[in-house]
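To start, the structure itself, in structure tokens.
The values are calculated or read from the model by the stated rules, or taken from the named source; none is laboratory data. Not measured: the values here are computed from a predicted model. Cβ coordinates were reconstructed from backbone atoms using ideal geometry, including for glycine residues, and neighbour counts include every protein chain displayed.
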Amino acid sequence: MALLQGRGLSKRFGGVQALEDVDLTVEAGSIVGLIGPNGAGKTTLFNILAGAFPPSAGEVLFNGEAITGMPAYRVCRKGIARTFQVTRPFGEMTCLENVAVAVVNRRQACPRSQWEALARESLAAVGLEAFEETAAKHLNVVQKKRLEIARSLATEPRLLMLDEVLGGLNTQEIQEAIGFIRRLRDERDLTVFWIEHVMGAIMQATEKVIVLDQGRVLMEGPPAAVVADERVIHAYLGE
Amino acid sequence: MMHYKWPLLAAGLLLFALLPWGLGAYHQHILIVSLFYVMMAASWNLLAGYTGQVSFGHAAFAGIGAYASGILAAKAGINPWLGVAAGTLLAALFGLLVGMICLKLGGIYLSLTTLAFSEILHIVINNEYEITRGTMGLQVPGLLNTYSKPGYFYIFLAATLLTLGIVYRLIHSNAGLNFRAVLNDERAAAALGVDVVRVRVLAFTVSSALAGMAGALYGHYLLLITPHIPSLDQQFLVLSMTVIGGLGSFAGPIIGAFSLEILSEYIRAYGEYHVLAFGLVALIVARFAPKGLVGIFRAVWEKRRQAALRPLQPAGRRAGEV
């Protein structure tokens, strides 16, 4: 069953056609990768799906319901969470408070005792339990990415959209992160839509890969088929 | 230290409440005016310090409260206390309307719109002589049957405590989390389910209502309402008090309001340049000590505490530090 669908999505910024007629489907319960060379329109697509800005044309369906052009906070409340490629922590707030913002907007009239417990749980899930009282601006880049994921999880999403969360990790940490994301999917009944440049991770973790190039869908399919495809190799390496 | 915080505060408050009995009429007046500015600065800080929305219409909202209450009392013979309530409500309503119109845009647009709003209101009050008596000022009845400075002092003290209580409750509630999230990063806040426009409108409406109440009370204290209440002079004085005291801290506006009001009484002899001087100081503070006097006190306090603790602590980084 399709949890997220995009139909004919286009986005134009002035004279730049960032996306053109993009169709995509993310099946419920799957981990779908989104790859493509720099400037292919991956983050633009994420922004449209998450309601950061509306598409110039096309529509977005979530669980069969049209959410095209819905503002970001309502998309979030529908059950779509996203992380930012360049992390956006609330720097002056503690890590616990960062996650609490997600909790109190998900649950109406949530008293402090309750949001503290829920926020702690999300921080512990990403291994940041020692940093509850640390101001988010003091975290390092990798910890900030973990905080992004903790906040996203605290919105209790059905769909988690990850924008390059593996940057800056070493080989072993990447393996751990892949295991973590797969466990999240299995334990929390999540669907994951994942932009990633680390091809090894995409190969291991995803069931389907969508390739964007110059704002269009170049191809989609199982990861092994995608990396072997000549069009994809050309898109990355040139003719 | 935390253990003694509330008893200490209560004792300080009690001492402060006894002050009028040891002071003459002039100093009582300064205390009352200071309390008015505490209300203004604390409510402006709720908006500017906690959600990052810089409004230049705060004095204008005080003016709406003052004139609404004053006109109702002077022309329609309505009980001034009811007038204060009406002035507060009207300021809240105007805040809601202005907020709904321009808070979708945010940032500099709010500043520009409120600046224009403030000027328009000023011009209307100046020119609608029949109703407002323009720059001549409107004489209004007082809140007490017999005029008494200590009486006004306690009214203002109660209103200030109410204002501070509302601000404190708000910033320590879940709404306060949303305020700070919006202040730190609007886009991230929206992505986590925060209705940014609604959060801003809430802060703006509450802040305007509190300014309206302060203005209404102030008018009934002065007994003569002039366009000076909703003037940009007042606006920049309140801004300077908040910035110098400490933008975004609870104690900042209280400290800023008292120190600048008392200081301005001492330098009044040199002419009406004090707003200019305070503006310059506020600029310097904003550049070099963005957390104001409160931030400076806190840094000094922290340094002394660290120095006292050092011999007891092993070398190395503290737990939780990255």
*Of everything in the range A:21-53 that's among the polar types (S, T, N, Q) and in contact (Cβ under 8 Å) with a residue 24 or more places away in the chain, which residue is nearest to the other protein chains (Cβ to nearest Cβ)?*
A:Thr43
_I'm trying to understand the selection: among the residues of the range B:123-148, which are in a helix (DSSP H, G or I) and buried (at least 19 other Cβ atoms within 10 Å of the Cβ)?_
B:Ile125, B:Thr132
_Within the range A:198-234, tally of residues that are over 22 Å from A:Gly6 (Cα atoms) and surrounded by fewer than 20 Cβ atoms within 10 Å (Cβ to Cβ)_ = 14
*Residue ID - nearest to the other protein chains (Cβ to nearest Cβ), chosen from residues in the range A:127-141 that are buried (at least 17 other Cβ atoms within 10 Å of the Cβ) and free of Cβ contacts under 8 Å to residues at least 40 places away in the same chain*: A:Phe131
*Is there a residue in the range A:105-128 that is modelled with pLDDT of 90 or more, of a type in the set (Gly, Ala, Ser) and in contact with a Lys or Arg (Cβ under 7 Å, 6 or more places away or on another chain)?*
no
*Starting from residues that are among the charged types (D, E, K, R) and in contact with a helix residue (DSSP H, G or I) (Cβ under 7 Å, 6 or more places away or on another chain), keep the ones in the range A:121-132 and report whichever is farthest from A:Tyr73 (Cα to Cα).*
A:Glu129
*asked:* Restricting to the range B:138-153, name every residue that is under 23 Å from B:Ile71 (Cβ atoms) and in contact with a helix residue (DSSP H, G or I) (Cβ under 9 Å, 6 or more places away or on another chain).
replied: B:Leu138, B:Gln139, B:Val140, B:Pro141, B:Gly142, B:Leu143, B:Leu144, B:Tyr152
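Listed here are the residues, each with its yes/no results for (1) closer than 27 Å to A:Glu196 by Cβ; (2) part of a helix (DSSP H, G or I); (3) charged (D, E, K, R).
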position	(1), (2), (3)
A:Phe90	yes, no, no
A:Asn98	yes, yes, no
A:Ala102	yes, yes, no
A:Cys110	no, no, no
A:Ser113	no, yes, no
A:Lys137	yes, yes, yes
A:Val142	yes, yes, no
A:Ile149	yes, yes, no
*asked:* Going residue by residue through the range B:24-41, is there one that turns out to be of a type in the set (A, V, I, L, M, F, W, C), more than 23 Å from B:Phe236 (Cβ to Cβ) and in contact (Cβ under 8 Å) with a residue 24 or more places away in the chain?
replied: yes
*With the checklist (1) assigned to a helix (DSSP H, G or I); (2) buried (at least 22 other Cβ atoms within 10 Å of the Cβ) in hand, flag the one item B:Val33 doesn't pass.*
(2)
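How many residues are within 16 Å of A:Glu176 (Cβ to Cβ) and more than 9 Å from every other protein chain (Cβ to nearest Cβ) when one looks only at the range A:142-161? Full working, then the answer.
The initial filter retains those residues of the range A:142-161 that are within 16 Å of A:Glu176 (Cβ to Cβ), namely A:142-143, A:145-146, A:149-150.
When the remaining residues are screened for being more than 9 Å from every other protein chain (Cβ to nearest Cβ), the result is A:142, A:145-146, A:149-150.
Result for the range A:142-161: 5.
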*asked:* I'm trying to understand the selection: among the residues of the range B:51-89, which are surrounded by fewer than 24 Cβ atoms within 10 Å (Cβ to Cβ), not in a helix (DSSP H, G or I) and not β-branched (Val, Ile, Thr)?
replied: B:Gly52, B:Phe56, B:Gly77, B:Asn79
*Select, from B:Phe179, B:Phe153, the only residue that is of a type outside the set (S, T, N, Q), at negative phi and away from chain A (no Cβ under 14 Å).*
B:Phe153
*Examine the range A:209-218 for a residue that is assigned to a helix (DSSP H, G or I) and among the small types (Gly, Ala, Ser), and state whether such a residue exists.*
no
*If we scan the range B:104-119, do we find a residue that is among the hydrophobic types (A, V, I, L, M, F, W, C), touching a Lys or Arg at 6+ places or on another chain (Cβ under 6 Å), more than 14 Å from B:Gly219 (Cβ to Cβ) and outside any helix (DSSP H, G or I)?*
no
_Cβ-Cβ under 8 Å, sequence separation 6+ or interchain: first residue in the range B:283-307 and farther than 13 Å from B:Leu247 by Cβ, partner of a type in the set (Lys, Arg). Which pairs?_
B:Arg298/B:Lys291
*Qualifying residue in the range B:157-166 (condition: farther than 30 Å from B:Tyr26 by Cβ and either within 9 Å of chain A (Cβ to nearest Cβ) or assigned to a helix (DSSP H, G or I) (or both))*: yes
*Name the residues in the range A:155-185 that are surrounded by 17 or more Cβ atoms within 10 Å (Cβ to Cβ) and either assigned to a strand (DSSP E or B) or polar (S, T, N, Q) (or both), would you?*
A:Thr155, A:Leu159, A:Leu160, A:Met161, A:Leu162, A:Asp163
_Could you tell me how many of the residues in the range A:54-76 are surrounded by fewer than 24 Cβ atoms within 10 Å (Cβ to Cβ), free of Cβ contacts under 8 Å to residues at least 60 places away in the same chain and not in a loop (DSSP other than H, G, I, E, B)?_
8
*When residues of the range A:104-124 are filtered for being out of contact with any Ser or Thr (no Cβ under 8 Å at 6 or more places or on another chain), within 12 Å of B:Asn174 (Cα to Cα) and within 11 Å of chain B (Cβ to nearest Cβ), how many remain?*
9
*Give the residue that is farthest from the other protein chains (Cβ to nearest Cβ), with candidates limited to residues of the range B:197-237 that are hydrophobic (A, V, I, L, M, F, W, C) and free of Cβ contacts under 8 Å to residues at least 40 places away in the same chain.*
B:Leu222
*Could you tell me whether A:Gly58 is within 14 Å of chain B (Cβ to nearest Cβ), among the small types (Gly, Ala, Ser) and either more than 23 Å from A:Gln214 (Cβ to Cβ) or more than 18 Å from the chain's Cα centre (by Cα) (or both)?*
no
*Got at least one residue in the range A:85-92 being touching a residue at least 24 places away in the same chain (Cβ under 8 Å) and more than 8 Å from chain B (Cβ to nearest Cβ)?*
yes
